[in-house]
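The values are calculated or read from the model by the stated rules, or taken from the named source; none is laboratory data. Small disclaimer: the values here were computed from a predicted structure and weren't measured. No Cβ is skipped: glycine too gets one built from the backbone with ideal geometry, and neighbour counts run over all protein chains shown. Accessible surface areas use protein heavy atoms only, side chains included; no ligands, DNA or RNA. Shrake-Rupley method; radii C 1.70, N 1.55, O 1.52, S 1.80 Å.
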Number of protein chains: 2
Amino acid sequence: MSETDRGPVPAEPADRLIEVFDLVGPLYRRAQRKVEQEAPIEGLSVGVRAVLNMLREHGPMTVPQMGRAQALSRQFVQRMVNDATAQDLVGAVPNPAHKRSSLIRLTPRGRAAITAVIDRERAVLRQIDGELTEAEIAACVHVLSRLLRLLDDVDVD
Amino acid sequence: MSETDRGPVPAEPADRLIEVFDLVGPLYRRAQRKVEQEAPIEGLSVGVRAVLNMLREHGPMTVPQMGRAQALSRQFVQRMVNDATAQDLVGAVPNPAHKRSSLIRLTPRGRAAITAVIDRERAVLRQIDGELTEAEIAACVHVLSRLLRLLDDVDVD
DNA sequence: TCAGTCATGACAACTAAGGTGTCATTATTT
DNA sequence: AAATAATGACACCTTAGTTGTCATGACTGA
């Protein structure tokens, strides 16, 4: 119906990857909204949530590291870290590697908050556990990671 | 390093799905930025691009339909359609099914613009064609689709 | 058929995610 | 020691996307 005139298209891998991107958009937006609905309980903005989650799974990091890891500008992450600090969700500890840039790490309160959020999300995701195989999920992670690396040259700052 | 005290975690499927979401965020943002860098050539905002792309692969649709399809508010899509109309990228045709809500479809100019954009993206994606199998990509699409459906109850408007 | 409800388009106001530019300060590096 | 790069801080801005409201025209069901 939407084909112009050159007949059926072979649908090469690149096209299937475009399908992936077409899914990423709506998924991202829906997930954002879900987080917004849930997180207010803890009073977390999406940005703060992202920071806490990074610290949760990666351990203490510096602000610039987090920015690079999430493809966010250093300044934005800084603001989120400042917010989180004001709420006593994260704290700074001296960084042995870089004297200027301290390591940010979760406070007990921060850990409790992010754990609660993640647990609630896990509960939602468990609803579809049975329908997806481990292999499929692994493949998905793999494909997305590769795509991410492809776009990595997009540098911030 | 970030484990609190309850030892190694089994990493159930729900956790792997959280990994998926952790990838979706950065991927979405990087993709947005790439689009922003490319699209200015055609003068397309991200929203307009999304509309054109929907029409490209789905054929003519009404504004509310597009909103639902992309989990975007009706009003936002409307604005994008208005923008696109002003640029002569899309046009309205009478809708046999609903007399009030006309069908939006690509104009030749619109089709040319979105085709150019997609082709450029396809070229980028072809760089990694060889590294991902068809099966992996298919699995990825499957997983993302399922997740999308899970979050579907989030209704706009 | 007529009342009531529903869906659409239009417009306005708003929120928040996220970027950019700049400056002073402090680390690294050579 | 000088030059360069990285960090934090702050201000400003862009724009994606929502929400609210209203008038109007379209279905629907009694």
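All of A:I104, A:I114 fail the test of being near DNA strand D (Cβ under 9 Å from one of its atoms) and closer than 22 Å to B:D22 by Cβ, apart from A:I104.
Scan the range B:18-51 residue by residue and report those that are among the acidic types (D, E), away from DNA strand C (no atom under 15 Å from the Cβ) and at pLDDT 80 or above. Within the range B:18-51, just B:E19 meets the criteria. Screening the range A:37-98 for helices (runs of 4 or more DSSP H) wholly inside it with 3 or more residues that are under 20 Å from A:A113 (Cβ atoms) and open to solvent by less than 10 Å² (accessible area, probe 1.4 Å) returns the ranges A:46-58, A:74-86.
What are the residues in the range A:92-114 that are within 13 Å of A:R56 (Cα to Cα), without any contact (Cβ under 8 Å) to a residue 60 or more places away in the chain and not polar (S, T, N, Q), if any? Correct list: A:I104, A:R105, A:L106, A:P108, A:R109, A:G110, A:R111, A:A112.
Within the range A:13-28, residues that are at negative phi sit with their Cβ atoms under 8 Å from residues that are open to solvent by 30 Å² or more (accessible area, probe 1.4 Å) and β-branched (V, I, T), at 6+ positions apart or across chains, in these pairs: A:D15/A:V9. With respect to B:I137, is the statement that it is more than 9 Å from DNA strand D (Cβ to nearest atom) and closer than 30 Å to A:E134 by Cβ true? Answer is yes for this residue. Of all residues assigned to the range A:73-80, none qualifies as being modelled with pLDDT of 85 or more, at the interface with another protein chain (Cβ under 7 Å from one of its Cβ atoms) and either touching a Leu at 6+ places or on another chain (Cβ under 9 Å) or away from DNA strand D (no atom under 16 Å from the Cβ) (or both). Residue pairs whose Cβ atoms lie under 6 Å apart, sitting 6 or more positions apart in sequence or on different chains, and linking a residue in the range B:66-80 that is over 15 Å from B:V46 (Cα atoms) to a partner that is within 7 Å of DNA strand C (Cβ to nearest atom), are B:R74/B:P64.
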